[in-house]
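See structure below.
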Amino acid sequence: MSPSNTRVSLVKHVVSGAPTLADFKVESTSVPNKASLQDDQILVRTLYLSVDPYMRGRLSGAQDSYVESFVPGKPLIGLGVGVIEASTSANYKEGDVVTGDQFQWETKFISSTKGFTKIPASSGISPANYLGILGMPSFTAYVGVV
């Protein structure tokens, strides 16, 4: 059996009410590889994805929001943590663990390096914590309290 890539995309905008499974498409696609990389791109294997309250607004298709809406037919995008499997960037190398806000909801994906930050390998901190206690939701809560 050849390897496959799992992708989650939006079928249609959910203007009101709770989203249902029918609003999303889960599909198997071909696995991206190093040969597909262009200049200054990375191939990322997703470890963790974050599902956050701001994403509800992205499902609605609103044009007047502080964050872009998801595009039907395209993978969902959000915060995540992953491992670089290949790179054509001088700033990232194979094996680097990264976090960022441009994680496509796919097992593996190719992206420009914009929106990604390396996680220090020797920090002793679990990469998952970069989506929790060290991530955007926790920082938002902290700012709301101070």
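The values are calculated or read from the model by the stated rules, or taken from the named source; none is laboratory data. The structure displayed is predicted, hence computed values, not measured ones. Cβ placement follows ideal geometry from the backbone for every residue including glycine, while neighbour counts extend to all protein chains displayed. With ligands, DNA and RNA removed, areas are computed over all heavy atoms of the protein, side chains included. Shrake-Rupley method; radii C 1.70, N 1.55, O 1.52, S 1.80 Å.
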Protection proxy ranking, peptides 96-106, 129-139, average beta carbon neighbours within 10 Å, highest first: 96-106, 129-139
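Could you calculate the FRET efficiency of residue 142 with residue 66 from 1/(1 + (r/R0)^6), where r is the beta carbon distance between them and R0 is 22 Å, rounded to 0.05?
Numbers: r = 19 Å, r/R0 = 0.88.
Once rounded, the FRET efficiency stands at 0.70.
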Carbon and sulfur %, accessible surface of the chain computed with the full protein complex present, 1.4 Å: 57
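So what is the relative contact order of the chain, in percent, for Cα pairs below 8 Å that sit 6 or more residues apart?
Details: 284 pairs, mean separation 36.8, N = 146.
Averaging sequence separation for qualifying contacts and normalising by length gives 25 percent for the chain.
DSSP loop trypsin sites (Lys or Arg not before Pro) in the range 56-129 with at most 13 other Cβ atoms within 10 Å of their Cβ, which ones? Before the final figure, lay out each step's value.
Numbers: sites: 56, 58, 93, 108, 114, 118; in loops: 93, 114.
Of the trypsin sites (Lys or Arg not before Pro), the ones in loops of the range 56-129 whose Cβ has at most 13 other Cβ atoms within 10 Å are 93, 114.
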Three-way shape call for the chain based on the alpha-carbon gyration tensor, with the a/c threshold at 1.5: oblate
Surface per residue (accessible, 1.4 Å probe) for the chain, Å²: 60
